Amino acid sequence: MKSTAQSIKLFLSCLTFLFVLIPNKLFAVDVLDLSWTLTEGGYRLELDSASPHKGVKLEITSNIATQYEVTASIIKPLENKDNPEKLISDNFVLRGLIGTNKFGNLRVPTNDSPLRTNDILYVSNTAGSPDSFTLVYGIINKEEIAPGNYFGRLGFTLRPVGSARQTVTKILDVYITIAQGESEKAKIEIAPLNSLRTISLNSQKENLQSADVSIKINGAFNDLFNIKQIVTAPLESNEGSQLDYSALNFIVKEVNKGQSLDQRTPLLAQAQAIYTSKPNGEYDNDFIITYRLSDIAKTKAGKYRSRIQYLLDETGKIPLLLETLDLEVELERIFDFILTPQDNLPGISFANLKPKEPPRKNEVIIEVLSNINKQYQISQNVHSDLTNKEGSVIAAKYFTLKTESIDTKGTLKFPVPQEVKKGDTILFISDSAGAPDKFKLIYELTCPLDIIAGDYSTRIIYSLLEI
């Protein structure tokens, strides 16, 4: 009786489990939604003289496998709170950050462009994969805008392509403050093109090999002026390592009226004049500074940070701070070597050997690339004795190896010829700092008198190992 009751209880438990599990499969909900967040936090987009640019991240959630697009519209123009007839239009701009999306096509220009209603911001891939991307909104030429508080409203719409499914629209409120008597800073706008406030460089990522900073000038200048840049502190990693200033260079482009550093110029510790107007104050309205990594071969891997300040230096006036941008350089880990065998053959080979002929040599150059600042070694593994196709073998005593310096900093283990042995052998140990290095291997074969004529070869595997 007890057994029967237990069986009934178990059966009912199974039924309950099945009842809960099956409806979840039958009634799965399709999702197509859009949301936004401000990269600096908050519930509305607020811009002013201190923060003229801010980021908005849009995120699309979808499981319907349908292509979609995201558009932006101006639901309420930016009106002056006290005088609705005064509007902000072309001075309210937008740009997209390349690389913030993963799958689709971000169609927003990378330079500041005035907003237009129903602009297409993004089109997904054909699979309609979930994605996200970041936009940067800003105000430019603030001296052209009447002082006051401006309020407006933007709409972001998610629309399936070629589908009758409903669209999704989310609203973002915008609040802009233009102070009375904007300072000289308002005449010059400085901003990176591929980020919000950071000049980012990466040694391995193709889209971060260089970084552009836009400088826009608008205002009345009657005398010569300079725009200068200064790195506020050495580029330093979290571990305390420092990056030489010369590891970065820059060039100023698209200058026609004034004078600029229009050739690759190393970054310096002191202030550098990057742009100079004409003597009468005439200037270029818009130009670009491009920063790029230069000599980083001997620099330790890591993420290095500092800041660059931009100053306006006018005749007879105290230099004015225009903008401060973060500078971030990431050097990816490199630990590899380049093997250059003689005649680019895949192994050690001696062709058409004959008795009594002079000794033969075969050379290999090894160059180690490393920025991990750890000691390492190079070793070889010899697969077999020198052998021909018929299986004839040359005794090991006739086959020697010598290591030769090519401005080598580490320790060579075979400064004089020694017999090549099968199996693993350490050839070289780096200096204690694990610096990049280069050396030569010289293999020499002395033909024995009883050699059977023919082609002889072996295969050698070289290894790079951290110590």
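The spacing between segment 94-170 and segment 407-467, judged by their C-alpha centroids, is 60 Å. When the chain is described by a simple charge dipole with +1 on each Lys and Arg Cβ and -1 on each Asp and Glu Cβ, the residue from T340, L94, I217 located farthest towards its positive end is T340. In the chain, the C-alpha radius of gyration followed by the widest Cα-Cα span (Dmax) gives 33.7, 108 angstrom.
Straight-distance candidates among the lysines for linking to K421, with alpha-carbon spacing under 25 Å and chain neighbours fewer than 8 residues away dropped: K354, K356, K361, K389, K397, K402, K413, K438, K440. Whole-Hz Karplus values for segment 355-364 come out as x, 6, 7, x, x, 10, 10, 9, 10, 9 Hz, taken residue by residue from phi with 6.51 cos²θ - 1.76 cosθ + 1.60 and θ = phi - 60°; glycine and proline positions read x. For K187, a cut-off of 16 angstrom between C-alpha atoms picks up these lysines, skipping any fewer than 8 places away in its own chain: K142, K216, K228, K317. Toward the positive end of the charge dipole of the chain, with +1 on the Cβ of Lys and Arg and -1 on the Cβ of Asp and Glu, the farthest Cα among L353, Q204, G240 is that of L353. Size of segment 312-420 from its Cα atoms: along the principal axes, largest to smallest, the extents are 88, 25, 23 Å.
Relative to the longest principal axis of the C-alpha atoms of the chain, give the angle of the C-alpha long axis of helix 2-26, reported between 0 and 90° and rounded to the nearest 10°. Relative to the chain, helix 2-26 is tipped by roughly 70 degrees. Of the two radii for segment 183-332, the radius of gyration is 0.98 times the Kirkwood radius, both from the alpha carbons; that is the Rg over Rh value.
Read-outs: derived from the displayed coordinates by stated rules, not from any lab. Quick caveat: nothing in here was measured; it's all calculated off a predicted structure. Here the Cβ is made from the backbone with ideal geometry for all residues, glycine too, and neighbour counts use every protein chain on show.
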